[in-house]
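Computed from the coordinates by the stated procedures, all read-outs in this text should not be read as laboratory data. The structure presented is a predicted model; accordingly, all values stated were derived computationally and were not measured. Ideal geometry is used to build each Cβ from the backbone, glycine not excepted, and the neighbour counts take in all protein chains shown.
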Amino acid sequence: MTKPPPTAAGIGVLELFAPEGNCVGTLIKQTADQPIRIAVPGRAEEDWPRVGDTQRTALRCPQSDKWFFPDTSLLQQKMIELINDDHNDKGGYFLY
């Protein structure tokens, strides 16, 4: 009897990249029953969307000192797709 493959559904890690390839933030859902968290360089991890992230999520690239303001609902949709994927729990998204 073979064991079914482990499922990735319900969890996910979405790395957010500046156009140069620098990671400016990571959206994390470690377990299915926990909220999505955001980790950005130089700051403590916190629940996401943050208070100021109602329409856009503010992210700064520490290497280039450029700010990015991706649509929060688009990032939420990307996370939902990743969380619902039974085979993949990691992804990346480039910000422009």
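For beta carbons closer than 8 Å, sequence separation of 6+ or different chains, a first residue in segment 41-53 that is without any contact (Cβ under 8 Å) to a residue 60 or more places away in the chain and a second that is charged (D, E, K, R) and assigned to a strand (DSSP E or B), the qualifying pairs are 45/37; 46/37; 47/37; 48/37.
What about residue 54, is it loosely packed, with under 15 Cβ neighbours inside 10 Å, touching a Ser or Thr at 6+ places or on another chain (Cβ under 9 Å) and not in a strand (DSSP E or B)? It is true that residue 54 is loosely packed, with under 15 Cβ neighbours inside 10 Å, touching a Ser or Thr at 6+ places or on another chain (Cβ under 9 Å) and not in a strand (DSSP E or B). Hey, any hits in segment 57-65 for a residue that's in contact (Cβ under 8 Å) with a residue 12 or more places away in the chain and farther than 19 Å from residue 17 by Cα? Checked segment 57-65: no residue is in contact (Cβ under 8 Å) with a residue 12 or more places away in the chain and farther than 19 Å from residue 17 by Cα. Of the residues 66, 90, 78, the single one that is closer than 10 Å to residue 11 by Cα and of a type outside the set (Val, Ile, Thr) is 90. Can you tell me which residue in segment 68-94 is nearest to residue 57 (Cα to Cα), limited to those that are more than 12 Å from the chain's Cα centre (by Cα) and surrounded by 15 or more Cβ atoms within 10 Å (Cβ to Cβ)? Out of the qualifying residues, it is 68.
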